[in-house]
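Worksheet: the structure to be examined is printed underneath.
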Amino acid sequence: MHKAADRIRNVALVGHRGSGKTSLFEALLFQAQATTRLGSVADGTSLSDSEPDEQARGMSIGAALNSFEWQDRRINLLDTPGEPSFVADALGALRVCESAVFVVNAVMGVEVSTVRLWERATELDLARMVYVNMLDRERADFFRSLESLKSAFGPHVVAVEIPIGSEQDVRGVIDLVDMKAYEYSDVSRDNCQEIPIPDDLLAQAEEYREKLMDEVAEVSDTLMERYLEGTEIAHDEIVAALKDGTNHGGLFPVVCGVATRNLGTNRLLDAIVEDLPSPVKHGVMEVADHGALEPVEDKELFAYVFKTRADTFAGRINLFRVYQGVMAHDSHVLNTRSHHKERVGQLLRFSGKETETADEFGPGDIGAVAKLKETRAGDWLASRDEPIAMPAIKLPAPVMAFAIEPKNKGDEEKVFTALRRLQEEDPTIDLHRDQQTGEEIVAGLSQMHVEVIVDRLKSRFGVEVALKPPRVPYQESIRKPAKAHGRHKKQTGGRGQFGDCHIEIAPHEDDFEFVDAIKGGVIPHGYIPAVQKGVVEAMAHGPVAGYPLKGVQVRLIDGSYHAVDSSEHAFKTAGAIAMRQAMEQAGAVLLEPIMHVTLSVPEDSVGDVIGDLNSRRGRPQGMEPSAAGMTEVKAEVPMAELLTYAPDLRSLTGGQGDYTMEFARYEEVPGHLAAKVIASATHEEEAVRA
């Protein structure tokens, strides 16, 4: 039997890298008896960071799901990566949860990823709770962190607990709802005991309880009246008001603890159950062009696949959330994207270290299914083939690109297939062939992102690749008109070859235009496409540095033919000869791609960033304030100056800056730089010939 939807809590742990999300994930599993020992990130024994590269780097790369029971509720907990390079999994987890626990480092307070993920949670209308972690660290300060939260996210961020002690002396928490204190002795599950509120903290606790009650009373007019009258408000009423206020972002409770010491973990589990909404409490999901999906079991099945991962033993595993109806094993469902019928064989639930089989998943639940043939992240599985689409997640664009080639000849197809498999897991990976340079390009959100891709190609699929910076797709164009005559004449006994044409070329606003200006049939109509083909082939290798020529109009104005010896091949050759002559006379120049760049950087780094852009031949186009403490800067910068920009920007901004870029146009390369590009291209060509 499946769990009733009102007894389920779907919760994503999110926050900035290094805030202790995975340690908290481990502590919650341990406290709920889903595991027998407290896993450690430092020791490489954490459940969620199970991949070798996650353990080697000491950080989460993919989202991890685990399900357990607490107070007769099923909690589906998703540990998400905090590193911005792997944000796709964090956004996918937020999409399928009603609630998010934001984990904040008590030393650093609100950090840039906290703000960005909070904005996404706001867009998705999620209930949010904050866990201030690492209270035992040097310079940790709960109250400073609380103020940074209020500054970033508004006055409805309110403490429901405050710590007892500080830094290495932190030893417990004070519950502001019931005005009780709890002390923690060690890391065991039974480490918590109630104690009197310390005398030196009583006044502070009463001050923060009053702030809490001010916020709670705002949730209900009735409570507000009773509160103003001085009437005592019962525990159950406060809890109900907290849940109502938290449900759709009217109130943001703040709790605290030390995950690595299992301090405050039991209190957080209670808060998840008491203060965060179930799928029923949160309400129906509205889907465009479909209507509402209700968390009920007696309606048609609709389940959304939010993550696909490759498993060495089980093959492809899809993680899904049931929004309506029941997903049963040994049944058939329809993929609404591919219109393919899928057989649901084995249903899986991740519980502690074990992967258990499940008979079914009811509405509101999250589970996994193995070995679906046509299904990947972003797909809907339904009882019938009905068009339905989840609003697209706005993913950051990949900006760190490399040319990729296998180290072993003959592995090209194997590499391509493996990259496609990884792309199914992480949609922020871009894979394409550069039509101009012919290189296979793989792009990610950072250099680390691409390095992880390369590591997984080797560890999972057994293929090794080499990375190199992609070649800039330079182009060439002409400054002035020119005329040329191309003749191809060859007599070798028997039928000869003859093609003869005159062309005019001139600069043009489009990439290429071919104009047939032949009069009187001096070149038969059937040979004119051959002339055009020869012209186009000649344009592929410009006269300056061998890059493609663009921005040219070619007019075919005259020519002659031979009734016997003319052929398409002869006129194609004549067209190419004429075009090469014309290009040499038309003042050809080298062009480079200019990118429109949008940066998000801390206010105090704006000067350094703009100075750096100027050193890269960039042209700032303007700036304006964006998120808390951040400034959006727009600029136009040559692509050649951006090939290694991502790590440089992170260095300039203390890891807080990021950027997106898109192609704007081509511009002429300055003379002194063009000479270097030409010399490099000449050297490459000579090396190929040798």
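The values are calculated or read from the model by the stated rules, or taken from the named source; none is laboratory data. What you see is a predicted model, and the numbers here were worked out from it, not measured in a lab. When we count neighbours, we look across all protein chains shown, and the Cβ atoms used for this are built from the backbone with ideal geometry, even at glycine. Keep in mind that these areas ignore ligands, DNA and RNA; they rest on the heavy atoms of the full protein, side chains included. Shrake-Rupley method; radii C 1.70, N 1.55, O 1.52, S 1.80 Å.
Taking each residue of the range 117-139 that is within 26 Å of Ser85 (Cβ to Cβ) and looking for partners that are basic (Lys, Arg) and open to solvent by 20 Å² or more (accessible area, probe 1.4 Å) with beta-carbon atoms closer than 8 Å, six or more apart or interchain, yields Leu124/Arg95. When the range 117-129 is filtered for residues that are open to solvent by 10 Å² or more (accessible area, probe 1.4 Å) and part of a loop (DSSP other than H, G, I, E, B), the ones remaining, listed by number, are Leu124, Asp125. Restricting the first member to the range 506-517 and to residues that are open to solvent by 70 Å² or more (accessible area, probe 1.4 Å), and the second to residues that are of a type in the set (Gly, Ala, Ser) and part of a loop (DSSP other than H, G, I, E, B), the beta-carbon pairs closer than 9 Å and six or more apart or on different chains are Glu509/Gly551; Asp510/Gly551; Asp511/Gly551. Against the conditions (1) over 22 Å from the mean Cα position of the chain (by Cα); (2) within 30 Å of Pro81 (Cβ to Cβ); (3) not basic (Lys, Arg); (4) not in a strand (DSSP E or B), Pro473 satisfies every one except (2).
With respect to being within 23 Å of Asp430 (Cβ to Cβ), open to solvent by less than 60 Å² (accessible area, probe 1.4 Å) and of a type in the set (A, V, I, L, M, F, W, C), Met639 fits the description.
Hey, any hits in the range 309-316 for a residue that's under 29 Å from Phe30 (Cβ atoms) and basic (Lys, Arg)?
Yes, the conditions are met somewhere in the range 309-316.
When residues in the range 275-312 are screened for being open to solvent by 50 Å² or more (accessible area, probe 1.4 Å) and among the polar types (S, T, N, Q), 1 of them pass. Filter the range 489-505 down to residues that are open to solvent by 30 Å² or more (accessible area, probe 1.4 Å) and not acidic (Asp, Glu), then give me how many there are. Total satisfying the criteria: 9. Taken together, Asp200, Asp270 contain a single residue that is part of a helix (DSSP H, G or I), modelled with pLDDT of 90 or more, closer than 23 Å to Arg7 by Cα and open to solvent by 10 Å² or more (accessible area, probe 1.4 Å), which is Asp270. The residue that is surrounded by the most Cβ atoms within 10 Å (Cβ to Cβ), counting only those in the range 213-232 that are under 18 Å from Val158 (Cα atoms) and among the aliphatic types (A, V, I, L, M), is Val216. Looking at (1) modelled with pLDDT of 90 or more; (2) closer than 28 Å to Glu119 by Cβ; (3) in a helix (DSSP H, G or I); (4) in contact with a Ser or Thr (Cβ under 8 Å, 6 or more places away or on another chain), which one does Tyr208 not meet, given that it meets all the others? Condition not satisfied by Tyr208: (4). Can you confirm whether the range 109-116 contains a residue that is surrounded by 18 or more Cβ atoms within 10 Å (Cβ to Cβ), in a helix (DSSP H, G or I) and either modelled with pLDDT of 95 or more or among the aliphatic types (A, V, I, L, M) (or both)? So far as the range 109-116 goes, yes, one or more of its residues are surrounded by 18 or more Cβ atoms within 10 Å (Cβ to Cβ), in a helix (DSSP H, G or I) and either modelled with pLDDT of 95 or more or among the aliphatic types (A, V, I, L, M) (or both).
Can you find a residue that is within 30 Å of Pro543 (Cβ to Cβ), touching a strand residue (DSSP E or B) at 6+ places or on another chain (Cβ under 9 Å), acidic (Asp, Glu) and part of a loop (DSSP other than H, G, I, E, B) anywhere in the range 405-427? So far as the range 405-427 goes, no, none of its residues is within 30 Å of Pro543 (Cβ to Cβ), touching a strand residue (DSSP E or B) at 6+ places or on another chain (Cβ under 9 Å), acidic (Asp, Glu) and part of a loop (DSSP other than H, G, I, E, B).
What residue, of Ser188, Ser220, is closer than 30 Å to Leu38 by Cα and among the polar types (S, T, N, Q)?
Criteria check complete, one pass: Ser188.
Checked against the criterion of being within 23 Å of Gln71 (Cβ to Cβ), aliphatic (A, V, I, L, M) and buried (at least 17 other Cβ atoms within 10 Å of the Cβ), the range 326-334 contains not a single residue that satisfies it.
Taking the range 567-582 as the range and being small (Gly, Ala, Ser) and part of a helix (DSSP H, G or I) as the test, the residues that pass are Ala570, Ala574, Gly575, Ala576, Ala578, Ala582. Of the strands (runs of 3 or more DSSP E) lying entirely inside the range 484-565, those containing at least 2 residues that are of a type in the set (Val, Ile, Thr) are 497-507, 552-560.
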